[in-house]
Amino acid sequence: MARFHRLRVAAVDRLTDDSVALTLAVPPELREEYHHLPGQHLTLRRVADGEEIRRTYSICSPAPDGAAPSTLRVGVRLVEGGAFSTYALKEIDLGDELEVMTPAGRFTLPPAPGLYAAVVGGSGITPVLSIASTLLAREPEARFCLIRSDRTTASTMFLEEVADLKDRFPDRFQLVTALSREEQQAGLPSGRLDRERLASLLPALLPVGQVDGWFLCGPYGLVEGAERALRGLGVSRARIHQEIFHVDSGPSAPAGSSAAPAHSTVTARLDGRGGTWPVQAGESLLDTVLRNRPDAPYACKGGVCGTCRAFLVSGEVRMDRNFALESEETEAGYVLACQSHPVTEKVELDFDR
Ligand code: FES
């Protein structure tokens, strides 16, 4: 069950003009709760002017091997007008305490032998840095190819950390950088990494069919383009893992033909306790649950982070959009509560499964 604890800021490292890495100290009594897999994220919560803000940031530090972590490091990039990222870049200081949810997320790679690859854009490097550094350090039979896209060198997050991987694992780590607004002396010509470009680039870089897992992370356009390129190259969906960081104008699922029932109720089980409540017109099932159980897990409320995942025990729902759950999860019966609206008069969700 996801829980918030107050963690102290142990370091604030400026990465670029518009991004920082925050290191959080985890006291011994909480370390088990912050055990994480490479690629998972933390939700940070702040109440300002009576309003609660939550944002999800990926852990960039390697996942612990055995012993639980004494620190966690996350990358935060400034989003224009972003309430939390502005606070993080301008105000958060050493010694401050932040409210931090226990780790979550299924964009993960437990170390295993094989060939893995990632296509990332901008701050999408953050979870992939944890995935690649954990994999290479722990699994001598693993190789990793990172294809990263940024605007310029100066705006590239974790340059040093990625260069360090190249130094430590020269035979097993391959790095390809594409800059959209700057020419490089070595590497790819400038320009965006879109579907067409990736479709011709990827087979030239690595044996696409032999890659055991693809990790796509960044803005919607890049992830979607990379997925289409890989599918066009014959890669099965099961080998493609995605995490979308920003959806500016991504498509919503069609509203669906099923009209919402006039009166519906949701029964939800959360942290071992259940309840049944009426769903008000137009609200998501998450909002219904939150009115009655403020401890229900969520972060983005936008269908992107997956924190509100719940198992649909009975009934039927319509999801507005889903950028977080893999097809196996939806087929297994999981839904995003923040995007779900009742189609049947009774809907039952289980947040504990
Ligand atoms: S809260 Fe982020 S997907 Fe629902």
Practice prompt. Could you tell me the largest-minus-smallest coordinate of the C-alpha atoms of segment 114-246 on each of the three principal axes, in descending order and whole angstroms?
Written response: 35, 34, 27
Response to the item:
Projected convex hull area of segment 4-101, Cα atoms, direction-averaged, in nm², equals 6.2
Item to complete: Could I get the Rg over Rh figure for the chain? Both from C-alpha atoms, Rh via Kirkwood, rounded to two places.
Response: 0.97
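Given only helices, namely DSSP H runs of n ≥ 4 each adding -39500 (n - 2.57), what is the per-residue ellipticity at 222 nm of the chain, to the nearest 500 deg cm²/dmol?
Result for the chain, helices only: -6000 deg cm²/dmol.
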Practice prompt. Using the 2.2 N^0.38 Å rule of thumb for compact globular proteins, work out how segment 301-353 stacks up: its C-alpha Rg over that value, please.
Written response: 1.00
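Per residue, what volume in Å³ does the convex hull of the Cα atoms of segment 85-139 enclose?
In segment 85-139, the Cα convex hull volume per residue is 130 Å³.
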Worksheet item: Angle between the Cα long axis of helix 195-205 and the longest principal axis of the chain, 0 to 90 degrees, nearest 10?
Response: 50
Worksheet item: What's the angle, to the nearest 10 degrees (0 to 90), between helix 220-232's Cα axis and the longest principal axis of the chain?
Response: 70
Practice prompt. Grab the Cα-Cα distance for residue 49 and residue 1, subtract it from 0.36 nm times how many residues apart they are, and report the gain in nm with one decimal.
Written response: 14.5 nm
Discussion item. Give me P(r) over segment 147-218, computed from all C-alpha to C-alpha distances, binned every 10 Å, as integer percentages.
Written reply: 16, 49, 33, 1
Worksheet item: Name the trypsin sites (Lys or Arg not before Pro) in segment 1-59 that are in a loop by DSSP and that have at most 14 other C-beta atoms within 10 Å, would you?
Response: 3
Discussion item. Quick check for me: using +1 on Lys/Arg Cβ and -1 on Asp/Glu Cβ, what's the dipole size of segment 114-246 about its Cα centre, in debye to the nearest 20?
Written reply: 340
Worksheet entry | Equivalent ellipsoid semi-axes - Cα gyration tensor, segment 26-157, angstrom | 27, 20, 11
Worksheet item: For segment 265-350, what is the per residue volume of the convex hull drawn over the alpha-carbon atoms, in cubic angstrom?
Response: 82
Worksheet item: Considering amide H positions built from the backbone, and no H for Pro or chain starts, which residues 5 or more places from residue 346, or on another chain, come under 5 Å of its amide H?
Response: 265
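Computed from the coordinates by the stated procedures, all read-outs in this text should not be read as laboratory data. None of these values were measured; they are calculated from a predicted model. Neighbour counts are summed over all protein chains in view; Cβ atoms, including those assigned to glycine, are modelled from backbone coordinates with ideal geometry.
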